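For reference, the structure discussed in these notes is given below.
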Amino acid sequence: MTNLPIPDNYQQLFDKKITQTKALFEQFTIPEFTAYPSPTSHFRMRAEFRMWHAGDELYHIMFDQKNKKRVRVDDFPIATHLINQAMQSILPLLKFNLPLRDKLFQIDYLSTLSGELLISLVYHKKLDEVWLSQAKQLRQKLLDQGFKVHLIGRAANQKISLDHDYVDEQLTILGRRYIYRQVENSFTQPNATINIAMLTWAINVTKGLSGDLLELYCGNGNFSIALAQNFNQVLATEIAKASVKAAQYNIAINQIENVKILRLSAEELTQAINNEREFKRLKEICLTDYHCHTVLVDPPRNGLDSKTLTMISQYQNIIYISCNPLTLKENLIELTQSHIIKKMAFFDQFPYTHHLECAVMLSKIG
Ligand SMILES: C[S@@+](CC[C@H](N)C(=O)[O-])C[C@H]1O[C@@H](n2cnc3c(N)ncnc32)[C@H](O)[C@@H]1O
């Protein structure tokens, strides 16, 4: 077993990825284009490891994606310093504690720039009172070591949060500090530095746009809250219940008065906008009260379904955030029938991989 070293040629890998991705979009006319590099280490806010039990020893491990062999991970330089410190501190506390160690097969870490940390211990056994009492002591020992830690135990059909199942992140964007609640097992941007760069880009490109903003796939309100300053009102939608709840908290804690979040899938919102179906969840909202000239979408890897794609092409301005250049390209082929690309940006959310986050701003032709 070996450790996981970090390559020393980040700039070269970044340049190559940008060149390849630019080539993918060469059929489009793109007047303005920017590429944002990531910090070269300690950029990942979350990390998940399998646990390896070897006699008395206990290790974090991962599987090599190429040869599927397990790799022992004592040090994980792509993850935050906080995760690395917690990995070092938790092992000796688990190693000789049978109730906590027995059938422990995974540990997930979610860290923040605010210093809060959430650790999920995942088991192949039912968690009982003995486990709970040991887990409380474990948390206390980590707190005593200075970690602002929240601990969760998970097993089949079981989730025990020792205090709560979220962390509160703090991001400073263009001089303003925002609080973002991030819930365990819900989507959050994995690279906080790049997230700040994306939010800054989105604020800058939407400055001076009039009217309201419609947002699909809003998660915990990441873009909605930062962009509220540029619009009269923001109507944001998201499918996952836990993220909607976090978004509602985030609106309140950041004292944002012009954002409304609704739990609706993109497909449902499209049906509602097309007057194909009525939704109880829209009872208190009159869609025609919104004057949205701009729509922002940040879909999962599969991109937009054809109905949502047609629906968003009605809007004057489209901001498309994508974690998959291939589906973005397919969707842009459709969108450039009615819109021109004004700006494009690449964000290295996932250094040392072939993945790249892209953002595009389009405006309606004519
Ligand atoms: C790439 S994430 C972006 C989240 C958010 N914009 C952010 O910056 O953190 C995609 C989000 O879409 C949500 N989602 C997945 N499928 C969806 C659907 N069919 N309709 C609406 N939201 C969906 C996920 O729960 C997730 O929060």
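The values are calculated or read from the model by the stated rules, or taken from the named source; none is laboratory data. Keep in mind the model is a prediction, meaning the values are calculated, not measured. We place every Cβ from the backbone using ideal geometry, glycine too, and count neighbours over all the protein chains shown.
Output the residues belonging to the range 136-186 that are touching a Gly at 6+ places or on another chain (Cβ under 6 Å) and over 18 Å from Ile83 (Cα atoms). Residue satisfying the conditions is Ile160 alone. Residue check: Gly153 meets all listed conditions (1) of a type outside the set (A, V, I, L, M); (2) part of a strand (DSSP E or B); (3) within 21 Å of the chain's Cα centre (by Cα) but one, namely (3). Looking only at the range 320-366, residues that are in contact (Cβ under 8 Å) with a residue 40 or more places away in the chain, crowded, with 20+ Cβ neighbours inside 10 Å and over 21 Å from the mean Cα position of the chain (by Cα) come to 3 in all. Tell me which helices (runs of 4 or more DSSP H) are completely within the range 6-120 and hold 1 or more residues being in contact (Cβ under 8 Å) with a residue 24 or more places away in the chain, among the hydroxyl-bearing types (Ser, Thr, Tyr) and in contact with a strand residue (DSSP E or B) (Cβ under 7 Å, 6 or more places away or on another chain), or say none if there are none. Counting at least 1 such residues, we get 10-24. Scanning the range 112-132 for residues that are more than 27 Å from Ala54 (Cβ to Cβ) and touching a helix residue (DSSP H, G or I) at 6+ places or on another chain (Cβ under 8 Å) returns Thr112, Leu113, Gly115. Applying the set (1) among the charged types (D, E, K, R); (2) closer than 20 Å to Arg139 by Cβ; (3) surrounded by 15 or more Cβ atoms within 10 Å (Cβ to Cβ) to Arg44 leaves exactly one unmet item: (2). When the test is whether a residue is outside the structural domain of Leu110 (by TED's automatic domain parsing) and in a loop (DSSP other than H, G, I, E, B), Gly146 does not pass it.
Note on the range 309-332: residues that are over 16 Å from Gln27 (Cβ atoms) and within 14 Å of the ligand (Cβ to nearest atom) total 9.
Of the residues examined, Lys159 is one that is away from the ligand (no atom under 16 Å from the Cβ), out of contact with any Asp or Glu (no Cβ under 7 Å at 6 or more places or on another chain) and within 30 Å of Asp298 (Cβ to Cβ). The residue that is surrounded by the fewest Cβ atoms within 10 Å (Cβ to Cβ), among those in the range 207-216 that are more than 16 Å from the ligand (Cβ to nearest atom) and not small (Gly, Ala, Ser), is Lys207. Residues in the range 304-339 that are in contact with an Asp or Glu (Cβ under 9 Å, 6 or more places away or on another chain), assigned to a strand (DSSP E or B) and not polar (S, T, N, Q): how many? Going through the range 304-339 one residue at a time, the tally reaches 3.
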